[in-house]
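Contents: one structure, followed by commentary.
Derivation of every value follows stated rules applied to the coordinates shown; laboratory data play no part. What you are looking at is a predicted structure, and each value in this text was computed from that prediction instead of being measured. Positions of Cβ are generated from backbone atoms using ideal geometry, with glycine treated the same way; all protein chains shown enter the neighbour counts.
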Amino acid sequence: MATVAIPAAKWSWESPYTQVRTSNSLDADVQLVERCLSGQEAAWEDLVKVHTRRVYSICYRFTNSDPEAQDLTQDVFLRVFKNLRSFRAGEGLFVVWLTRLTRNLLIDHYRRTRMERATESIEDQVTALEENTAAIARTDGMVAGREASELLQAALQKLSPELRETVILRDLEELEYREIAQILNVPEGTVKSRLNRGRAELAKVLRRQKIRI
Amino acid sequence: MTCAELEILLCDYVDGTLRGEEKSALESHLSGCPACKQLAEDVVGVTAFFERVPQAEPPAELLTRILHQAPMGPGAVAERLPSDPSRSWTKRLFGGLFQSWLQPRYVMGMAMTILSFSMLARFAHIEPRQLRPADLDPVKVWQGIDDHSHRIYDRAMKYYDNLRLVIEIQSRLREWTDQDPSQSAATQGVQTNAQPAASERGSQQ
């Protein structure tokens, strides 16, 4: 019977995200939001500090640009700042609400900048490809750290936005399928299907660049 | 198990949450379907690759920028939202419609644009009061710039020539003032030498 070797460290019986996000952290989010709404400046600072990394990371992985990710993160928190009263603790997690808001902003940004991306200089793409190839040659296909991050960034840009956002939310942000389904407003089965397709396409792109996966 | 069913269960299998009959059915399908086996290997390979990718860390200044942009907490801002009916209609109009235009970056950009156009107009000798559509003709603007640049060049050359003349005169004057003390010292020396001779002549008489 054929089985596929599954790395045990990450893919344990319980999702790592579930392990990390304990009930205490969920309560902490709700308490922070309540304190923010009562006008406590320190609570707002804490809320921004706790969630900046997640929002920036999603934006950066999606756009592949640090300045764009920074601007979008600012926009996300400005929108949170204005719409925090619309968050209902009983209707879902704050993280899901925040990620849905981030995702909506990213999709708006994607549609707005479609033309700019279409006219992107071919020279830039060729330079990036040469740099990637040189990096892989140095590491004999087994890349890690910053190089792996850059290669993943380039590979993610080859995916359609639907597949890209699903892979980012699951594999990089480690959200639950149920939460991703809420964020994207699609059934869980669709999330899993998109995830498989996205991962398979990523594997093809990485293999094409002679990267050992 | 069909390929479509496997696709739905594959995520759980990779997560390690698939158990019992479903797991064995999936594994038996994998042994007989090369396409699904390839898909499963790709999915597992990519998830392993993600393990080697570090988290994207935001720059430290981003937090400061966000807090600077929205510093007082949503409680404070909620009171000033455009939907607040207690606000007067003028505040709602300017706060809502023109809020984005009144941001520093827009105001700064607008000011720079106006400044650039006014400098260009001044450089091309276009008087804002007499400005007509014909004045914005690229050929006319170019001729104006060309004409003005020639004048500036001529003025610069004249200024350079004048400056050279002034420096030449100054250096000549300096030379003369440098020479003068030596000449005066020489004349003084002649006079002091002449006085003892005269006194000697007087004593001899």
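Of note:
- Other protein chain Cβ atoms within 10 Å, averaged over every residue that makes up A:44-54: 4
- Inter-chain Cβ neighbour average for residues B:63-69, partner chain, 10 Å: 6
- Across all directions, the average projected area of the convex hull around the alpha carbons of segment A:20-120 is 6.9 nm².
- Contact order relative to length of segment A:20-120, as percent, for alpha carbon pairs under 8 angstrom and 6 or more apart: 25
- Available extension along the chain between A:ASN104 and A:GLN209 is 34.6 nm, counting 0.36 nm per residue and deducting the alpha carbon span.
- Averaged over residues, the count of other Cβ atoms within 10 Å places the peptides B:110-117, A:181-188 in the sequence A:181-188, B:110-117, highest first.
- Segment B:3-51 shape via C-alpha gyration tensor axes, a/c threshold 1.5: oblate
- The modelled label-to-label distance for the pair B:ILE145/B:SER24, using points 7 Å beyond Cα in the direction of Cβ, is 8.2 nm.
- Label-point separation, B:TRP176 to A:GLU91 (7 Å along Cα→Cβ), nm: 9.4
- The mean count of C-beta atoms from other chains within 10 Å of the C-beta of residues in B:34-44, rounded to a whole number, is 5.
- Sites B:MET108 and B:GLN38, calculated FRET efficiency, Cβ-Cβ separation with R0 51 Å, nearest 0.05: 0.40
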